[in-house]
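Novice: One structure, as structure tokens, below. Some questions next.
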Amino acid sequence: MFKINKSLTLLIIFNLFLTLSVKAQTKYSSATVAFYNVENIFDTIKSVGYINGTLPYNDKNYHIQIAESDISKYETEEFKQSYTYENLKGKKIIRPLILQEEFLPNGNKRWNTQKYFQKINNISKVISELGTDVTGSAPAIVGLCEIETREILEDIANSSALKKYDYDVVHFNSFDARGVDTGLLYQKSRFKVIDARPHPIFNYDSEGKRRYTRDILQVTGLLDGEEITFLVNHWPSRSGGEKASMPARIEAAKVMKGIFDDLKSKNPNAKVIAMGDFNDDPISPSIKNTFNPAGEISKVTEDGYYNPMLPLYKKGIGTLAYRDAWNLFDQFISTSSLVTKNKDYSSYKIYKTEVFNKDYLIATEGTYKGFPNRMWSGDTYRANGYSDHFPVYTILLKQAK
């Protein structure tokens with residue numbers, strides 16, 4: 001009969017215990033990256049854009065919002081060309097904002113300070129809960145759209161729900177006719193900005209007149225010491241119909257792809273996460289034909305892209321509703337460098353992605369019952385409302401050192 005040496009048996013048991021102990025002690029760092037279309041947050045001041053073309057275009061003071069009553073305090077000149085960084089170089093001009101009227105105290109929505117801060121607090125509450133089930137903290141990075149000014153981002157950062165996280169903001173005014181932009185919140189203790197800049201999108205109508213839309217915001221920095229670039233998007237809407245407006249979103253997709261290509265040409269392993277309201281679903285031509293992203297990690301190619309929203313879309317999960325049908329316009333698209341097929345979390349990789357659709361964010365009555373609990377039903381204000389979109393978030397994970 002074969003006998004095992006007692007000392008050998010004890011050694012095997014000890015080594016097994018040591019191995020299990022080491023595995024059990026493996027710890028991870030995590031970071032939530034979130035995006036939220038907050039449904040038109042305007043301030044209560046009638047304002048205009050002031051552009052100082054003597055500054056670099058990515059200076060936060062290049063294009064600011066000022067009260068209409070303060071125009072006389074600024075040096076300005078007449079300007080009749082299209083708004084491009086080249087045309088504006090060296091000039092100081094006023095840019096009218098023509099679509100803010102409804103969000104003024106005497107506008108259709110009777111917008112005021114009380115309603116404004118109710119909106120700020122509602123949105124901040126939601127942001128504070130994104131990804132906390134895994135990370136135990138509010139998001140490290142938050143992309144936002146439908147924000148009128150930098151000051152609105154700062155008010156969100158300083159809200160009671162978020163102030164303790166010590167967020168800073170990145171924001172550039174775009175030439176969008178409605179005066180709304182994209183922006184980024186980031187926890188200063190975790191993210192250090194290296195570079196930030198806006199990327200304009202050039203679209204034209206049938207008569208060759210430019211249609212101004214939101215810029216793509218690019219922010220590159222160190223997240224817990226690791227370089228990652230975030231692209232915050234709000235592509236042109238489907239106004240006029242999905243088919244008729246599709247070329248505008250295809251153009252936006254080309255601009256975003258160009259940013260990806262530029263970053264990857266400098267570093268083939270660059271980590272890039274694009275987020276935003278693309279006003280298209282994961283299977284729409286703008287996304288599918290431009291990026292052809294895989295929805296399953298196992299199918300992501302070395303030089304390809306990953307869209308974790310694709311499986312959610314196929315399950316019928318959406319972030320907004322139109323005519324009683326769900327769409328999933330709010331998405332993430334990332335480089336393959338953020339995907340691991342063998343659970344290698346030695347650096348930040350995508351762990352999971354979700355639509356945040358808690359019960360309190362779902363309307364329980366009225367026209368929008370069962371859909372996002374928005375603050376506005378036409379011009380009717382709903383204090384317990386949030387946005388006409390659900391937020392989305394992705395959690396990054398890496399082994400702690």
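The values are calculated or read from the model by the stated rules, or taken from the named source; none is laboratory data. Because the structure is predicted, anything quoted here is derived from the model rather than measured. Cβ atoms come from the backbone with ideal geometry, glycine included; neighbour counts cover every protein chain shown. SASA here: full protein model, heavy atoms, side chains in, ligands and nucleic acids out. Shrake-Rupley method; radii C 1.70, N 1.55, O 1.52, S 1.80 Å.
Novice: Kindly check whether there is at least one residue in the stretch 373-385 that is under 30 Å from TYR28 (Cα atoms) and not in a loop (DSSP other than H, G, I, E, B). Spell out how you get there, then give the answer.
Specialist: Kept after step one, since they are under 30 Å from TYR28 (Cα atoms), are these residues of the stretch 373-385: none.
No, because not a single residue in the stretch 373-385 is under 30 Å from TYR28 (Cα atoms) and not in a loop (DSSP other than H, G, I, E, B).
Novice: Determine which single condition ASP133 fails, assuming it passes every other condition in (1) assigned by the TED database to the domain that holds GLY208; (2) open to solvent by less than 70 Å² (accessible area, probe 1.4 Å); (3) modelled with pLDDT under 95.
Specialist: Tallying (1) assigned by the TED database to the domain that holds GLY208; (2) open to solvent by less than 70 Å² (accessible area, probe 1.4 Å); (3) modelled with pLDDT under 95, ASP133 fails exactly one: (2).
Novice: Select, from ILE350, ILE317, the only residue that is at pLDDT 95 or above and part of a loop (DSSP other than H, G, I, E, B).
Specialist: Working: ILE350 fails: part of a loop (DSSP other than H, G, I, E, B).
Among ILE350, ILE317, only ILE317 is at pLDDT 95 or above and part of a loop (DSSP other than H, G, I, E, B).
Novice: Can you name the residue in the stretch 386-401 that is hydrophobic (A, V, I, L, M, F, W, C) and in a strand (DSSP E or B) and is also nearest to the chain's Cα centre (by Cα) among such residues?
Specialist: Residue satisfying both the conditions and the ranking: VAL392.
Novice: Within the stretch 146-154, identify whether any single residue is on the phi < 0 side of the Ramachandran plot, open to solvent by 20 Å² or more (accessible area, probe 1.4 Å), in contact with a helix residue (DSSP H, G or I) (Cβ under 9 Å, 6 or more places away or on another chain) and of a type in the set (Lys, Arg), and answer yes or no.
Specialist: no
Novice: Another question about this same structure. Can you tell me which condition VAL22 does not meet? The list is (1) at pLDDT below 95; (2) among the β-branched types (Val, Ile, Thr); (3) farther than 30 Å from ALA140 by Cβ; (4) part of a helix (DSSP H, G or I), and all the others hold.
Specialist: Here VAL22 meets the rest and fails (3).
Novice: Moving on. Could you tell me whether PHE103 is under 24 Å from the mean Cα position of the chain (by Cα), among the aromatic types (Phe, Trp, Tyr) and not assigned by the TED database to the domain that holds LYS358? Break it down into steps so the answer makes sense when it comes.
Specialist: Values: under 24 Å from the mean Cα position of the chain (by Cα): yes; among the aromatic types (Phe, Trp, Tyr): yes; not assigned by the TED database to the domain that holds LYS358: yes.
Criteria met by PHE103.
Novice: Limited to the stretch 298-320, what total is found for residues that are in contact (Cβ under 8 Å) with a residue 12 or more places away in the chain and in contact with a strand residue (DSSP E or B) (Cβ under 7 Å, 6 or more places away or on another chain)? Quick ask: steps written out before the conclusion?
Specialist: Just the residues of the stretch 298-320 that are in contact (Cβ under 8 Å) with a residue 12 or more places away in the chain, to begin with: 298, 300-314, 317-320.
Applying the additional criterion that residues be in contact with a strand residue (DSSP E or B) (Cβ under 7 Å, 6 or more places away or on another chain) yields 300, 304-309, 312, 317-320.
Total satisfying the criteria: 12.
Novice: Need at least 3 residues that are out of contact with any Gly (no Cβ under 9 Å at 6 or more places or on another chain) and surrounded by fewer than 23 Cβ atoms within 10 Å (Cβ to Cβ) per element, so show me which strands (runs of 3 or more DSSP E) inside the stretch 156-263 make the cut, counting only ones lying wholly within it. Walk me through how you get there before you give the answer.
Specialist: Working: elements: 167-171, 181-187, 191-199, 216-223, 226-234.
Fully inside the stretch 156-263 and qualifying: 216-223.
Novice: I'd like to verify a number: residues in the stretch 266-292 that are in a strand (DSSP E or B) and charged (D, E, K, R), how many? Don't jump to the end; show me each part of the working.
Specialist: We begin by selecting, within the stretch 266-292, every residue in a strand (DSSP E or B); these are 272-277.
Applying the additional criterion that residues be charged (D, E, K, R) yields 277.
Qualifying residue count, the stretch 266-292: 1.
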